[in-house]
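Written out below as structure tokens is the structure these notes cover.
The values are calculated or read from the model by the stated rules, or taken from the named source; none is laboratory data. Since this is a predicted model, take the numbers as computed values, not measurements. Note that each Cβ is placed from the backbone with ideal geometry, even for glycine, and that neighbours are counted across all protein chains shown. Ligands, DNA and RNA are excluded from the accessible area calculation, which covers all protein heavy atoms including side chains. Shrake-Rupley method; radii C 1.70, N 1.55, O 1.52, S 1.80 Å.
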Amino acid sequence: QVKFVESGGGLVQPEGSLRLSCAAPGSIFSFPAMAWYRQAPGKQREFVARTISGAFTIYADSVKGRFTISTDNDKNTMYLQMNSLKPEDTAAYYCNTYPSKADYWGQGTQVTVSS
């Protein structure tokens, strides 16, 4: 069963930066659209950013101008560069296809923004 594996999370101060990675075996990136999602404690999982074929990108308004989604198809890896982080960005971050597929959810990677 294919599941994505997220990494790169951690504790960072406000205005800091982190880069998240999303890896998958095989050719999962043959899916035309991939995305990052996040879930804060007590809240529903929400869309963060998506990319179509590693080129066309769309961002949630809350992260636009601060986050950048990218892919490295040779490495079967997707990234989320997060700059100017805010406490409200604190959440578990997940990658999946867009729209998401239930079987592909991984464990996520925790991002905590706090001073």
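Do any strands (runs of 3 or more DSSP E) entirely within the range 57-106 hold 1 or more residues that are under 21 Å from Leu11 (Cα atoms) and in contact (Cβ under 8 Å) with a residue 40 or more places away in the chain, and if so, which?
Counting at least 1 such residues, we get 77-82, 91-97.
For residues that are open to solvent by less than 60 Å² (accessible area, probe 1.4 Å), hydroxyl-bearing (Ser, Thr, Tyr) and modelled with pLDDT under 95, tally how many sit in the range 80-110.
3
Per-residue answers, yes or no, for (1) on the phi < 0 side of the Ramachandran plot; (2) open to solvent by 70 Å² or more (accessible area, probe 1.4 Å); (3) among the polar types (S, T, N, Q):
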residue	(1), (2), (3)
Trp36	yes, no, no
Gly42	no, yes, no
Glu46	yes, yes, no
Arg50	yes, no, no
Ser53	no, yes, yes
Ile58	yes, no, no
Val63	yes, no, no
Asp72	yes, no, no
Thr77	yes, no, yes
